[in-house]
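I have placed the structure first, in the form of structure tokens, so that the comments after it can refer back to it.
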Amino acid sequence: MTEEVLVTRGLTKRYGEQRAVDDVSIRMERGRVYGLIGSNGAGKTTLMRMISGLAIPTAGTISLFGSDAERPRQQDLARIGTLIETPTPYGAMTARQNMHVHRLIRGVPDPNVETELLELVGLADTGRKRVSNFSLGMRQRLGIALALISAPELLVLDEPVNGLDPAGVVEVRRLIRDLAIERGITVLLSSHNLPELYQTATDYIIVDRGAVRRTLTLAELDAQTQRFLRIEAPDTERLTTVLEQGLGTSDFTVMPDRSVRLTSHLDDAESVLRTLVRQDVWPTAFSPEGESLESFFLTVTGAGRS
Amino acid sequence: MINQLQADLYVQRHSTAMTVSVLVACAAAALYTFLQYRLASGGLDPASASGVQGVSDILIISLLGPLLIGLAIARPFETKSVHAALLAAGRGPVVASKAMTASLAVILVSLPYGLAALVGRATGASFEPALPTTFALLTADSVELDAGGVVHLVAVSVVTGLLYAAKLAVCIPLAFVLKRPIVVMATGFVWSFVADLLVSTVSDTAPGEAIAGLTPFSADRMPLPDSSTGDLLTTTAVSVVFIAAMGALAWLLFRRADVK
């Protein structure tokens, strides 16, 4: 049975007349990585702040870890780790001293956790170097280590790969996946870039102008954004036989409308067509279709229409 | 709350601003005591007393105190460590811890003046107060210093530091609202002088005087070299209650505020 870590119902945050978050109802389960995707100003950070108890909702409820309470209780909030917006740890201190401050704040008795987490994020060898001399990527990794210090069950990361070089992005993605798989941590991470989150997250929440426009799993996203050749022919059975025997592929799906989606040979459409015609299968429709991640995101948020 | 307090004190211990402020207070206290000696010995013209006031306890603590309060409270908002504190303990303990840390910081920068008074008195030299503040009066006190006198001087110094912390405690809610140490410093500096003027005006009437007596701004609350233990305890109680009241006001303001 799946365990609910977070449930929001009708969550709303208004600043005057402006609705930063509008009637958001989401459900998150243990050990999954949720990508919160939206353009800048879509309400991602405000939503994360409300979940973390940093902002007070105007309306709606937040239930954490199966609690019946309508507002997060202190003991539930203590099970959350956050990295919201750019981390700016104490610049005059070293990474270890910053870890020590957060360990004291969180009341974690084991001092070894400082070393373990610094090793986990690759900052164990920074020694006496002050954080003010760290690169943005190093600060970002330190921010993640600080968020992990209390062994949270829900990790809220706001744009955690901002400022990281490509190697750093790969490393943080791997780290987030490992945290979810090995430690069963639920992760909510935001980005304004769907391709950036692709395959890091197991589930996607697409927001725009404060509202949730779409939620979907990775498998559903894959299905939505897969590129394929759409082929129709008068005799669908004959068409699939030729694909199997003439092209030697089984990478196709027969859709309810009897069209066929061929997901291989995308770069070799001409040879597919020649093979079909040679076998006396005359397509009535033959076209490459499917959306890229970017165009899918733009379609969902409506930004593509303009 | 103990965890928050430990963390806040650790941050203060490693704070450059705290170290520099204590060093500045030490240097100013030493210079102030020396200049008061020069005033008494005639080495310095009495007309120069106004210049000497520039390194007096009231000026230096009114300047450094609000800055340290601003830093102790506002800095965690900049470093986002307040996020972790709020997740771990909630708003009440965070406000209480910050109020205590900020007050301790003010006491700490006032203690060099007590130490300077102690050293000055131990030399047996004469001193002329440039301003009639507690520390200046302690330094200039002519009573011979014995073991009991040392304990009394230390007690008066600590209570005076606490009184300064209470007078500047209005900066606590201010720092939670403004979250800008420099603005808190400027406002607190102006406040420390305006408050005394306001209280002296209010104290012209009997009810006003009674009310003012319950605040750390009353002239009656100022510890003197000959203050009794009862007087010191009263001043301590008034100061602690006033700091707690300002902490409660800060909590009311911060209770439902959004944290960036």
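The values are calculated or read from the model by the stated rules, or taken from the named source; none is laboratory data. Please read these numbers as outputs of a predicted model, since none were measured by experiment. Neighbour counts run over all protein chains shown; Cβ positions are idealised from the backbone, glycine included. The accessibility values were calculated without ligands, DNA or RNA, using every heavy atom of the protein model including side chains. Shrake-Rupley method; radii C 1.70, N 1.55, O 1.52, S 1.80 Å.
Of all the criteria given as (1) under 30 Å from A:Ile84 (Cα atoms); (2) at pLDDT 95 or above; (3) within 16 Å of the chain's Cα centre (by Cα), the one not satisfied by B:Ala165 is (1). I'd like to know if the range B:163-178 contains one or more residues that are in a helix (DSSP H, G or I) and within 15 Å of B:Ala29 (Cα to Cα). No, the conditions are met nowhere in the range B:163-178. Filter the range B:1-42 for residues that are assigned to a helix (DSSP H, G or I) and hydroxyl-bearing (Ser, Thr, Tyr); which is surrounded by the most Cβ atoms within 10 Å (Cβ to Cβ)? This residue is B:Tyr32. Residue-level check: of (1) assigned to a helix (DSSP H, G or I); (2) without any contact (Cβ under 8 Å) to a residue 60 or more places away in the chain; (3) open to solvent by 70 Å² or more (accessible area, probe 1.4 Å), A:Ala223 misses just (3). Could you list, in sequence order, all residues of the range B:121-144 that are within 21 Å of the chain's Cα centre (by Cα) and of a type in the set (Val, Ile, Thr)? Hits for the range B:121-144 are B:Thr133, B:Thr134, B:Thr139.
The strands (runs of 3 or more DSSP E) found wholly in the range A:229-306 and carrying at least 3 residues that are within 30 Å of A:Glu196 (Cα to Cα) occupy A:285-289. Within the range A:24-58, the set of residues being farther than 24 Å from A:Arg141 by Cα, among the aliphatic types (A, V, I, L, M) and within 14 Å of chain B (Cβ to nearest Cβ) comprises A:Ala55, A:Ile56. Looking across the range B:127-150, the residues that are open to solvent by less than 80 Å² (accessible area, probe 1.4 Å) and part of a loop (DSSP other than H, G, I, E, B) come down to B:Phe127, B:Pro129, B:Ala130, B:Leu131, B:Thr133, B:Asp141, B:Leu145.
For first residues located in the range A:113-130 and of a type in the set (Gly, Ala, Ser), partners that are open to solvent by 60 Å² or more (accessible area, probe 1.4 Å) and lie 6+ apart or on another chain with Cβ distances below 8 Å form the pairs A:Gly122/A:Arg141; A:Gly122/A:Glu171. In the set A:Leu189, A:Leu175, only one residue is touching a residue at least 12 places away in the same chain (Cβ under 8 Å) and assigned to a helix (DSSP H, G or I); that residue is A:Leu175. Give the range B:210-238 a look and list any residue that's in contact (Cβ under 8 Å) with a residue 12 or more places away in the chain and either over 25 Å from B:Pro129 (Cα atoms) or of a type in the set (A, V, I, L, M, F, W, C) (or both), or say none. Hits for the range B:210-238 are B:Ala212, B:Leu214, B:Thr215, B:Phe217, B:Ala219, B:Met222, B:Leu224, B:Leu232, B:Thr234, B:Val238.
Please work out if A:Asp203 is touching a strand residue (DSSP E or B) at 6+ places or on another chain (Cβ under 7 Å), away from chain B (no Cβ under 14 Å) and acidic (Asp, Glu). It is true that A:Asp203 is touching a strand residue (DSSP E or B) at 6+ places or on another chain (Cβ under 7 Å), away from chain B (no Cβ under 14 Å) and acidic (Asp, Glu). Which one of B:Leu87, B:Leu118, B:Leu104 is within 17 Å of the chain's Cα centre (by Cα), part of a helix (DSSP H, G or I), modelled with pLDDT of 90 or more and aliphatic (A, V, I, L, M)? Only one candidate qualifies: B:Leu104.
All of (1) outside any helix (DSSP H, G or I); (2) in contact (Cβ under 8 Å) with a residue 40 or more places away in the chain; (3) open to solvent by 30 Å² or more (accessible area, probe 1.4 Å) hold for B:Arg256 with one exception: (2). Among the residues of the range A:61-72, those identified as over 22 Å from A:Leu83 (Cβ atoms) and either open to solvent by less than 20 Å² (accessible area, probe 1.4 Å) or among the hydroxyl-bearing types (Ser, Thr, Tyr) (or both) are A:Thr61, A:Ser63, A:Ser67. Scoring B:Ala116 on the criteria (1) within 14 Å of chain A (Cβ to nearest Cβ); (2) aliphatic (A, V, I, L, M); (3) over 26 Å from A:Arg103 (Cα atoms) leaves a single failure, condition (1). Of the strands (runs of 3 or more DSSP E) lying entirely inside the range A:1-60, those containing at least 2 residues that are open to solvent by 10 Å² or more (accessible area, probe 1.4 Å) and within 18 Å of A:Val300 (Cβ to Cβ) are A:18-24.
For the range A:81-93, the condition holds for at least one residue, the condition being that it is within 26 Å of the chain's Cα centre (by Cα) and hydrophobic (A, V, I, L, M, F, W, C).
Residues in the range A:65-81 that are more than 11 Å from chain B (Cβ to nearest Cβ) and not charged (D, E, K, R): A:Phe65, A:Gly66, A:Ser67, A:Ala69. Within the range A:91-115, the set of residues being of a type in the set (Ser, Thr, Tyr) and either farther than 22 Å from B:Ser15 by Cα or at pLDDT below 90 (or both) comprises A:Thr115 only.
Selection of the range A:111-129 for residues being within 14 Å of chain B (Cβ to nearest Cβ) and surrounded by fewer than 16 Cβ atoms within 10 Å (Cβ to Cβ) yields A:Pro111, A:Arg128.
Of note, B:Gly124 satisfies the criterion of being open to solvent by 50 Å² or more (accessible area, probe 1.4 Å) and either of a type in the set (Ser, Thr, Tyr) or more than 24 Å from B:Ala7 (Cα to Cα) (or both). Filter the range B:2-49 down to residues that are more than 9 Å from chain A (Cβ to nearest Cβ) and polar (S, T, N, Q) and give me whichever is farthest from the chain's Cα centre (by Cα). For the range B:2-49, the residue satisfying everything is B:Ser41.
Scanning the range B:73-80 finds no residues that are part of a helix (DSSP H, G or I), polar (S, T, N, Q) and touching a residue at least 60 places away in the same chain (Cβ under 8 Å).
Restricting B:Ser227, B:Ser192 to those that are assigned to a helix (DSSP H, G or I) and either open to solvent by less than 80 Å² (accessible area, probe 1.4 Å) or within 27 Å of B:Ala72 (Cα to Cα) (or both) reduces the list to B:Ser192.
Among the conditions (1) open to solvent by less than 50 Å² (accessible area, probe 1.4 Å); (2) over 28 Å from the mean Cα position of the chain (by Cα); (3) not polar (S, T, N, Q), A:Asp267 misses just one, which is (1).
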